[in-house]
Amino acid sequence: MKVKEIIVVEGKDDTAKLKQALDVDTIETNGSAINKDILAQIAHAKNKRGVIVFTDPDYPGQRIRQIIDQHVPGCKHAFLTKAEAVPIKKQSKSLGIEHASLDVLREALGQVYELTANGETEITKSDLLRFGLIGGHGSKDRRQKLGEQLRIGHINGKQLLKRLQMFQIGKDEFEQVMEQIIQEERA
């Protein structure tokens, strides 16, 4: 299966792993050393074929996403959870796309989100409080589970509502996932 969009990854190991899973073209940022030439390539790719940003689930990966969003707004995003990006051989402490299984990579690229600058959502701060996602014991764990289920990455309490809006997560989808998380906690 050929992926229409060009996928932005951090390095050559990520490209090699993705090419095992799917027929893809990539742009490599060379880690967090992303420069204006690479940003120009990404902008050109977005205009021609579209772009999916697919970086590692760590601080440098998040930083790269933010730089790309700032300079090339409107890109699509795919996410891995930290658990999906852990190497099989535990000697390495790195997290990365290159460590994920081929099935996980296909699934992540099948659930791509497009950011919007001013996304509106019916979800309110009181919904976040009601489901125990902010301001309480266990909030961090619930946010982590929500981010994994929705594939929107790791989120802190202050950014949660904004992230849900950016990814255009509807109230029905949000409530359904939260009810599932709460049921799993009770089991």
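Please treat every number below as a calculation from the coordinates, not as lab data. Small disclaimer: the values here were computed from a predicted structure and weren't measured. Note that each Cβ is placed from the backbone with ideal geometry, even for glycine, and that neighbours are counted across all protein chains shown.
When a/c reaches 1.5 or more, the comparison of a/b and b/c decides; with that in mind, is segment 96-174 rounded, prolate or oblate per its Cα gyration tensor?
oblate
In this simple spin-label model, placing a label point 7 Å from the Cα along the Cα-to-Cβ direction at both E184 and L22 gives a separation of 2.3 nm. When GluC sites (Glu not before Pro) are flagged only if DSSP places them in a loop and at most 16 other Cβ atoms lie within 10 Å, the longest unflagged stretch of the chain comes out as 1-119. Of all lysines in the structure, the ones whose alpha carbon falls short of 17 Å from that of K19, not counting any fewer than 8 places away in one chain, are K2, K4.
Free of any trypsin sites (Lys or Arg not before Pro) that DSSP assigns to a loop and that have at most 16 other C-beta atoms within 10 Å, the longest stretch within the chain is 94-157.
Using the beta-carbon distance between Q144 and L102 and R0 = 25 Å, what value does 1/(1 + (r/R0)^6) give for FRET efficiency, to the nearest 0.05?
That pair, Q144 with L102, gives E of 0.55.
For the chain, the calculated P(r), taken from all Cα-Cα distances in 5 Å bins from zero up to the bin holding the longest distance, is 1, 8, 16, 20, 18, 16, 11, 7, 2, 0, 0 percent.
For a distance above 15 Å, tell me the whole-number percent of Cα pairs in segment 1-45 that qualify. That tail contains 41 percent of the Cα-Cα pairs.
Over all directions, the projected convex hull of the C-alpha atoms in segment 147-187 averages 2.9 nm² in area. Using alpha carbon centroids, what distance separates segment 145-178 and segment 27-94, in Å? Cα centroid to Cα centroid, the span is 20 Å.
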